[in-house]
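Worksheet: the structure to be examined is printed underneath.
The values are calculated or read from the model by the stated rules, or taken from the named source; none is laboratory data. Here the structure is a predicted model, which means the values were calculated and not measured. Cβ atoms come from the backbone with ideal geometry, glycine included; neighbour counts cover every protein chain shown.
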Amino acid sequence: MNEDRYSRRSFLRRGLTLAGAASVWGAIRISSAADKPKDLSPTTPDQALSELKAGNQRYVTGKNMHHDFGPERPALALSQHPFAIILGCADSRVAPELAFDQSRGRLFVVRLAGNFADTNGLASIEYGASVLGASLIMVLGHTGCGAIKAAVDVVTKGATLPGHLPELMSYLKEPVEKARSEPGDIVANATRQNVVANVQKLQTSEPILAGLVKEGRLGVVGGIYDLATGKVEILA
């Protein structure tokens, strides 16, 4: 591992000095700025969000762009340059690349049931933003989320779950508790609370993400994917 390689990409600009000869980032770094293709990828948070919105509109209306995956394989084998990071749920019905009509290499997707940022997910997101240069993070919840429903049962009915599921529930109990006092459907409200909480967590995450947000190089937004329509509602 080589911390110096990682620092050259993201931390040197901010005056951080990293010591030692090992870094996971350096070992898995994909490419340098010199080999970044001259494409039309969004380069700012606002541009990235506009592209996601436009892609979702194409998906909803059935006007998806045709992606010929064959010719792009050689370039993708050498490097990746995603413009956005999606923190999404592991639900098999929610596929970010399809929902936002994007080809491979354009979205850096982190998925787990309940779309929350634990330590490992946060590290992956830091890598996508700081090393790969993505300019937007979207926390993407969805309607009818099974993880949220399970958390609601744990909080409101005292349900017990097997295996490692209780550890997962520990990240979702707070959004459910907040949703209990709100009118309307508790699952829908808890889904929104969970998205908002994780947006706030990522916006203020030190030492990497908060600095990029403050510099205006990274945006963090929330979204709710509707299983029935495919439309993504953007949360402020």
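Comparison of VAL155, VAL213, VAL196 shows that the only residue that is buried (at least 20 other Cβ atoms within 10 Å of the Cβ) and out of contact with any Phe, Trp or Tyr (no Cβ under 6 Å at 6 or more places or on another chain) is VAL155.
Here is a yes/no grid of residues against (1) closer than 18 Å to ASN198 by Cβ; (2) polar (S, T, N, Q); (3) at pLDDT 95 or above:
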{"position": "ASP118", "(1), (2), (3)": "yes, no, yes"}
{"position": "GLY141", "(1), (2), (3)": "yes, no, yes"}
{"position": "GLY144", "(1), (2), (3)": "no, no, yes"}
{"position": "SER170", "(1), (2), (3)": "yes, yes, yes"}
{"position": "ALA179", "(1), (2), (3)": "yes, no, yes"}
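Just one of (1) in contact with a helix residue (DSSP H, G or I) (Cβ under 8 Å, 6 or more places away or on another chain); (2) without any contact (Cβ under 8 Å) to a residue 24 or more places away in the chain fails for ALA123. It is (1). Within region 118-133, the set of residues being closer than 12 Å to PHE83 by Cα and either touching a His at 6+ places or on another chain (Cβ under 9 Å) or among the charged types (D, E, K, R) (or both) comprises LEU132, GLY133. Here is the figure for region 59-80: residues that are at pLDDT 95 or above and surrounded by 14 or more Cβ atoms within 10 Å (Cβ to Cβ) total 2. Of the residues making up region 111-123, not a single one is among the β-branched types (Val, Ile, Thr) and crowded, with 18+ Cβ neighbours inside 10 Å. Answer yes if at least one residue in region 178-186 is under 27 Å from GLY219 (Cα atoms) and touching a residue at least 12 places away in the same chain (Cβ under 8 Å), and no otherwise. There is at least one residue in region 178-186 that is under 27 Å from GLY219 (Cα atoms) and touching a residue at least 12 places away in the same chain (Cβ under 8 Å).
Inside region 208-233, residues that are farther than 21 Å from GLN57 by Cα, outside any helix (DSSP H, G or I) and touching a residue at least 12 places away in the same chain (Cβ under 8 Å) make up a count of 4.
Across region 159-167, not a single residue is classified as in the same structural domain as LYS201 (by TED's automatic domain parsing), closer than 21 Å to VAL196 by Cα and buried (at least 18 other Cβ atoms within 10 Å of the Cβ). Looking only at region 168-182, residues that are surrounded by fewer than 16 Cβ atoms within 10 Å (Cβ to Cβ) and either of a type outside the set (D, E, K, R) or on the phi > 0 side of the Ramachandran plot (or both) come to 2 in all.
Just one of ASP39, ASP4 is assigned to a loop (DSSP other than H, G, I, E, B), at pLDDT below 85 and among the charged types (D, E, K, R); which is it? Matching residue, one of ASP39, ASP4: ASP39. Residues that are assigned to a helix (DSSP H, G or I) and either touching a residue at least 12 places away in the same chain (Cβ under 8 Å) or touching a strand residue (DSSP E or B) at 6+ places or on another chain (Cβ under 6 Å) (or both) within region 61-113 comprise PHE69, GLU72, ALA75, LEU76, LEU78, PRO96, GLU97, LEU98, ALA99, listed in sequence order.
When region 37-58 is filtered for residues that are in contact with a helix residue (DSSP H, G or I) (Cβ under 9 Å, 6 or more places away or on another chain) and surrounded by fewer than 17 Cβ atoms within 10 Å (Cβ to Cβ), only PRO37 remains. Would a scan of region 66-83 turn up a residue that is within 13 Å of the chain's Cα centre (by Cα), more than 21 Å from PRO175 (Cα to Cα) and in the same structural domain as THR191 (by TED's automatic domain parsing)? Yes - at least one qualifying residue is present in region 66-83.
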